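These notes concern the structure reproduced below.
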Amino acid sequence: MNRQKHGRKLDGWLILDKPAGITSTQAVNKVKRALDAQKAGHGGTLDPLATGLLPIALGAATKTVPYVMDGTKLYHFTIRFGEARDTDDAEGAVCATSDIRPTDAQIRAALPALTGAIMQIPPAFSAIKVEGERAYDLARAGAPPDLPPRPAQVDRFVLIGRPDADTAQFEVESGKGVYMRALARDLAQACGSVGHIVVLRRLRVGPFDESMAVSMDSVLNPAHTPENLAEFMLPIETALDDIPALALNGAQAQALGQGQAISLVDLMGRIPEAANPEGGLVRVLAAGRVLALARLGDGWLKPERLIQHFS
């Protein structure tokens, strides 16, 4: 027996400017209730201390979350030197101190080693699972786990401000799964000091930027109804704008939607130049709507992720 789903069926993205003081899950739940939506998820966790872009996927858009999370992210953060915190940010307890305050030259000299393909030890207070338990639960219980280093991609890491000797401001572009708290911790240590993040803001996630963001105050404004809040939503395909588009006719869309591969011979002249014919990903359009994500290879177009049914 199918259980009745509560809420409205909404498909799309709402780009929230998350305020400090709440978790990403709490933010998603607030938006979900305000919109009276059946289903919601988010495209990349932000710590409670952090503010900025939290892309919230609604309905069928949740199927595109992995592709958003794989996109490049842009952050600004501020380090305070001289104190290490157990959470690597201002919300934790002091666990070490140092009198050393690095110069701008020392900071810049340390940045190249933390840029590019690096190995990073995640913060003890993170959502990583250790033998079935979250690392942050173990840390809160007084038994922080020894987490092994993980590969991380930091595309750009630059010093952008120095308000005083105790603090420094940075801009970072990174790939999926890079912890800004760990980056700040490691930079301070590389400079012979200790430190933690006091301000963290995310300005971009994949195709989404600040110009698309909606404040939590706007979402929770009692003057707004779920219906007019939906005007803040972006189409599902906004998340996939950087993936080459391939249009199918009705019969082809029906076949692909049923899991069948389409011969590339039948698509000659329509395959986008930007798509790699050997393993390239495309977003499949039908009747002007995104139907699926599919992959080219071995002379076939094979469905990888059905997003909406063709009708």
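In table form, for the structure just shown:
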quantity: Residues located in the stretch 263-278, provided they are assigned to a loop (DSSP other than H, G, I, E, B) and either at negative phi or at pLDDT 85 or above (or both); calculated: Met268, Arg270, Ile271, Pro272, Glu273, Ala274, Ala275, Asn276, Pro277, Glu278
quantity: Residue count, the stretch 264-287 (criterion: free of Cβ contacts under 8 Å to residues at least 24 places away in the same chain and within 27 Å of the chain's Cα centre (by Cα)); calculated: 2
quantity: Scope the stretch 101-117; condition among the β-branched types (Val, Ile, Thr) and surrounded by 13 or more Cβ atoms within 10 Å (Cβ to Cβ); matching residues; calculated: Ile107, Thr115
quantity: Whichever residue in the stretch 228-244 is within 18 Å of Ile307 (Cα to Cα), crowded, with 16+ Cβ neighbours inside 10 Å and of a type outside the set (D, E, K, R) and, among such residues, is farthest from the chain's Cα centre (by Cα); calculated: Pro244
quantity: Boolean, Phe125 is of a type in the set (Phe, Trp, Tyr), in a strand (DSSP E or B), surrounded by 17 or more Cβ atoms within 10 Å (Cβ to Cβ) and on the phi < 0 side of the Ramachandran plot; calculated: no
quantity: Total residues in the stretch 288-311, condition of a type outside the set (D, E, K, R), more than 17 Å from Asp242 (Cβ to Cβ) and free of Cβ contacts under 8 Å to residues at least 40 places away in the same chain; calculated: 5
quantity: Hits in the stretch 90-134 (condition: at pLDDT 95 or above, within 16 Å of Ala182 (Cβ to Cβ) and not hydrophobic (A, V, I, L, M, F, W, C)); calculated: Thr115, Gly116, Gln120
quantity: Enumerated helices (runs of 4 or more DSSP H) restricted to the stretch 137-255, each holding at least 3 residues that are touching a helix residue (DSSP H, G or I) at 6+ places or on another chain (Cβ under 8 Å) and either under 22 Å from Leu49 (Cβ atoms) or of a type in the set (Phe, Trp, Tyr) (or both); calculated: 180-190, 216-220
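Residues checked against (1) surrounded by fewer than 21 Cβ atoms within 10 Å (Cβ to Cβ); (2) touching a Leu at 6+ places or on another chain (Cβ under 8 Å):
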site	(1), (2)
Leu187	no, yes
His196	no, no
Gly206	no, no
Met216	yes, yes
Gln254	yes, no
Asp266	yes, no
Arg270	yes, yes
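The values are calculated or read from the model by the stated rules, or taken from the named source; none is laboratory data. These numbers come from a predicted model, not from an experiment. As a convention, Cβ positions derive from the backbone with ideal geometry for all residues, glycine included, and neighbour counts pool all protein chains shown.
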